[in-house]
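Participant: Structure incoming, see below.
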Amino acid sequence: MISSRTVVAIGLGLALCAGLPLQAADGDAEAGKQKKQMCEGCHGIAGYRTAYPVVYSAPKLGGQTVGYLVKSLQDYRDGARKHPSMNGVAASLSEQDMADLAAYYTGAN
């Protein structure tokens with residue numbers, strides 16, 4: 001017999017894989033557009049590679065799924081993913097900011 005805890009974990013995993021949002025807040029793409037300045041310095045330059053603390057290619061955000069973007073930002077904020085610049089940026093974002101940025105980038109190319 002599968003426990004209810006296992007069923008919930010499987011459901012969350014499937015939601016993440018499907019790109020479904022894992023947060024309650026609905027994102028506002030127009031608000032995200034107004035908040036994207038902190039992202040553009042690295043993610044807005046095609047082929048950009050950082051030099052600090054190591055050489056790192058900045059991935060394209062446009063067209064990613066809401067669930068992926070929000071989860072990535074939450075993981076950077078919580079320290080589950082490590083990158084000094086991203087950890088600092090994500091720590092400054094509210095859940096609504098994350099949802100708004102994800103809504104914007106989901107529709108961006």
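Participant: Return only the number of the condition from (1) surrounded by 15 or more Cβ atoms within 10 Å (Cβ to Cβ); (2) closer than 13 Å to LEU101 by Cα; (3) not basic (Lys, Arg) that ASP75 does not satisfy.
Facilitator: ASP75 satisfies all of (1) surrounded by 15 or more Cβ atoms within 10 Å (Cβ to Cβ); (2) closer than 13 Å to LEU101 by Cα; (3) not basic (Lys, Arg) except (2).
Participant: Restricting attention to segment 52-72, report how many residues are in contact with a Gly (Cβ under 9 Å, 6 or more places away or on another chain) and loosely packed, with under 11 Cβ neighbours inside 10 Å.
Facilitator: 2
Participant: Right, something else. Here are some conditions: (1) surrounded by 13 or more Cβ atoms within 10 Å (Cβ to Cβ); (2) touching a strand residue (DSSP E or B) at 6+ places or on another chain (Cβ under 8 Å). ARG49 meets all but one. Which one does it not meet?
Facilitator: Failing condition for ARG49: (1).
Participant: Further, regarding this structure: Can you pull out the residues in segment 50-101 that are in contact with a Ser or Thr (Cβ under 8 Å, 6 or more places away or on another chain) and aliphatic (A, V, I, L, M)?
Facilitator: Scanning segment 50-101 gives ALA58, VAL66, LEU69.
Participant: Any residue in segment 57-84 that is under 15 Å from CYS39 (Cβ atoms) sitting within a Cβ distance under 9 Å of a residue that is assigned to a loop (DSSP other than H, G, I, E, B) and among the charged types (D, E, K, R)? List the pairs, counting only those 6 or more apart or interchain.
Facilitator: LEU61/LYS36; SER72/ARG81; TYR76/LYS82
Participant: Follow-up question, since we're still on this one. If a residue has to be touching an Asp or Glu at 6+ places or on another chain (Cβ under 9 Å) and surrounded by fewer than 18 Cβ atoms within 10 Å (Cβ to Cβ) to count, how many in segment 95-109 make the cut?
Facilitator: 1
Participant: Same structure, new question: Counting only residues that are small (Gly, Ala, Ser), give me the helices (runs of 4 or more DSSP H) lying completely in segment 26-109 with at least 3 of them.
Facilitator: Output list reads 29-35, 84-91, 95-107.
Participant: Moving on. In segment 26-44, how many are within 7 Å of ASP100 (Cβ to Cβ) and of a type outside the set (Asp, Glu)?
Facilitator: Residues in segment 26-44 being within 7 Å of ASP100 (Cβ to Cβ) and of a type outside the set (Asp, Glu): 4 in total.
Rule-based calculations on the coordinates, nothing more; no lab input. Worth saying up front: this structure is predicted, and the values here are computed from it rather than measured. No Cβ is skipped: glycine too gets one built from the backbone with ideal geometry, and neighbour counts run over all protein chains shown.
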